[in-house]
Amino acid sequence: MSERTLVLIKPDGVHRGLIGEIISRIERRGLKIIGIKMIRLSREKAEELYYMHRNKPFFEDLISHVTSGPVVAIVVEGSNAIIKVRNMVGATSPQNALPGTIRGDYGLDVTRNVVHASDNTENSEREINLFFEDHELVSYM
Ligand code: IDP
Ligand code: MG
C-alpha cells in the first residue's frame, strides 16, 4: 500500500552535516521524496508535533532541542513507507538502535537521536499537514 510519512532531520542531524546522508538513505531505499524544506520550528509547532508526549518528563528537553536550530522536513512516499522508514531510523534510544540504522549509526543520545519519523497513518497525515500545504507536495506522474 502506498503511504506517506514525515521525516524530520532534527537540529543535531543538521548541525552535524548529516542531511545528505539521510536523504541518500531514503533515496537508495527506493522511496520517493515528494516534499522537502528547511525550517526553524516555533515552540507552538514543536508542541503540536509532540503533543502526545506533553505530560512526559522529557517533554521540555525534547521541545527545547527541536527548536534549537534548523530542521529539514521531508515527506516520503512509497509502498509501506511508514514502517520502512521507521525500520531505517531504528530504536528511539541510540543505545538500543542497531548498527545500520540511522540512530544506530549516528545517534548521540535519546534527545539528540538525529531524526523524527511518523509511526502510523493517522499521525503521518497529521504531521505532514503541520508542515506542508497540498500544493507543496509533488506528483511524479
Ligand atoms: P520515536 O521518535 O522513536 O517515535 P517517541 O517515543 O515518539 O520516539 O518520542 C519522541 C521523541 O522524544 C524521541 O525521538 C526522543 O527524542 C524523545 N524521547 C522519547 N523517550 C525519551 C526518554 O525516555 N528520555 C528523553 N527523551 C525521550
Ligand atoms: Mg514517535
**Request:** Return yes when Ile82 is more than 23 Å from Arg16 (Cα to Cα), within 12 Å of the chain's Cα centre (by Cα) and touching a residue at least 40 places away in the same chain (Cβ under 8 Å) and no when it is not.
**Result:** yes
**Message:** Looking only at segment 92-141, count every residue that is of a type in the set (Ser, Thr, Tyr), surrounded by fewer than 19 Cβ atoms within 10 Å (Cβ to Cβ) and near ligand 1 (Cβ under 9 Å from one of its atoms) and tell me the total.
**Reply:** 3
**Message:** Looking only at segment 127-141, filter to residues that are free of Cβ contacts under 8 Å to residues at least 12 places away in the same chain and part of a loop (DSSP other than H, G, I, E, B); which one of those is farthest from Tyr51 (Cα to Cα)?
**Reply:** Met141
**Prompt:** Within segment 107-126, is there a residue that is over 18 Å from Leu6 (Cα atoms), free of Cβ contacts under 8 Å to residues at least 60 places away in the same chain and of a type outside the set (Val, Ile, Thr)?
**Reply:** yes
**Message:** Between a residue in segment 39-65 that is under 14 Å from His116 (Cα atoms) and in contact (Cβ under 8 Å) with a residue 24 or more places away in the chain and any residue that is more than 16 Å from ligand 2 (Cβ to nearest atom) and of a type in the set (Asp, Glu), which pairs come within a Cβ distance under 9 Å, given they are 6 or more apart or on different chains?
**Reply:** His65/Asp12
**Fill in**
Filtering segment 32-57 down to residues that are of a type in the set (A, V, I, L, M), in contact with an Asp or Glu (Cβ under 8 Å, 6 or more places away or on another chain) and more than 16 Å from ligand 1 (Cβ to nearest atom) yields Ile33, Ile34
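Each reported figure results from applying straightforward, stated rules to the coordinates on display, with no laboratory input. Keep in mind the model is a prediction, meaning the values are calculated, not measured. Because the Cβ atoms are built from the backbone with ideal geometry, glycine has one as well, and the counts that use them run over all protein chains shown.
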